[in-house]
Amino acid sequence: MTVGDQKELRTALGQFATGVAVITAQDAAGGLIGLTMSSFNSVSLEPPLILFSVDRRANSLKALLEAKGYAVNILSRGQEELSNRFARALSDKWSNVEHSLGHAQAPLLHGAIAHFECAPYGQHDGGDHVIVVGRVLRFAFNPDAEPLVFFRGKYHSLKSGDERPPEWPLPMHY
């Protein structure tokens, strides 16, 4: 298939299972920002850097890029509703969302399996997205919580004991 077929490309990219994160920040006027994404990665341990990418059409992109800091909240299996809430452009995403404030007043979502409190480090062109690199200042995690996993356009669970070697050769679709 050619990369000109965006629907098929999106389907192929969906074959990569990812965790789900909500990036949070406070804008210049004191309002809270929250965006769901699966494009989160570690970059470097020295210095401690992470990255995520934001669609250029996102309503809160400008405010996020101007924020003094932000938090990456890695969602737990029980936080599907939060993932859906922060994935949409809603007037009040924050109604009844339990959180505390971290670096630069970025919200830390209660129940997340990990938080990374970050200072802006860099922004890069990523085509129809902006790649945001943050320097991790503080972090916390719960090693016993189960992650929210996104695969083939749906949420999934990881079950203990599901670990098994892949069957070789792996079938490929071209």
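The figures follow:
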item: Unmet requirement for THR36, which otherwise passes all of (1) surrounded by 16 or more Cβ atoms within 10 Å (Cβ to Cβ); (2) out of contact with any strand residue (DSSP E or B) (no Cβ under 6 Å at 6 or more places or on another chain); (3) of a type outside the set (A, V, I, L, M); result: (2)
item: Cβ-Cβ under 6 Å pairs, at least 6 apart or on other chains, the stretch 26-45 side in contact (Cβ under 8 Å) with a residue 60 or more places away in the chain and under 25 Å from SER95 (Cα atoms), far side aromatic (Phe, Trp, Tyr) and open to solvent by 50 Å² or more (accessible area, probe 1.4 Å); result: SER38/PHE150
item: Output for the stretch 36-56, where each listed residue is under 24 Å from LEU148 (Cβ atoms) and either charged (D, E, K, R) or assigned to a helix (DSSP H, G or I) (or both); result: ASP55
item: Criterion: open to solvent by less than 50 Å² (accessible area, probe 1.4 Å), at pLDDT 95 or above and more than 16 Å from the chain's Cα centre (by Cα) - qualifying residue of ALA104, ALA145, ALA112; result: ALA104
item: Sole exception among (1) in a strand (DSSP E or B); (2) touching a residue at least 60 places away in the same chain (Cβ under 8 Å) for HIS115, by number; result: (2)
item: Among residues of the stretch 58-104, those that are on the phi > 0 side of the Ramachandran plot and part of a helix (DSSP H, G or I), counted; result: 1
item: Members of the stretch 77-101 found to be closer than 24 Å to LEU137 by Cβ and open to solvent by 20 Å² or more (accessible area, probe 1.4 Å), listed by number; result: LEU82, TRP94, GLU98, HIS99, SER100, LEU101
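The values are calculated or read from the model by the stated rules, or taken from the named source; none is laboratory data. What you are looking at is a predicted structure, and each value in this text was computed from that prediction instead of being measured. Note: ideal-geometry Cβ built from the backbone for every residue, glycine included; neighbour counts use all protein chains shown. Surface accessibility is based on the protein's heavy atoms, side chains included, excluding ligands, DNA and RNA. Shrake-Rupley method; radii C 1.70, N 1.55, O 1.52, S 1.80 Å.
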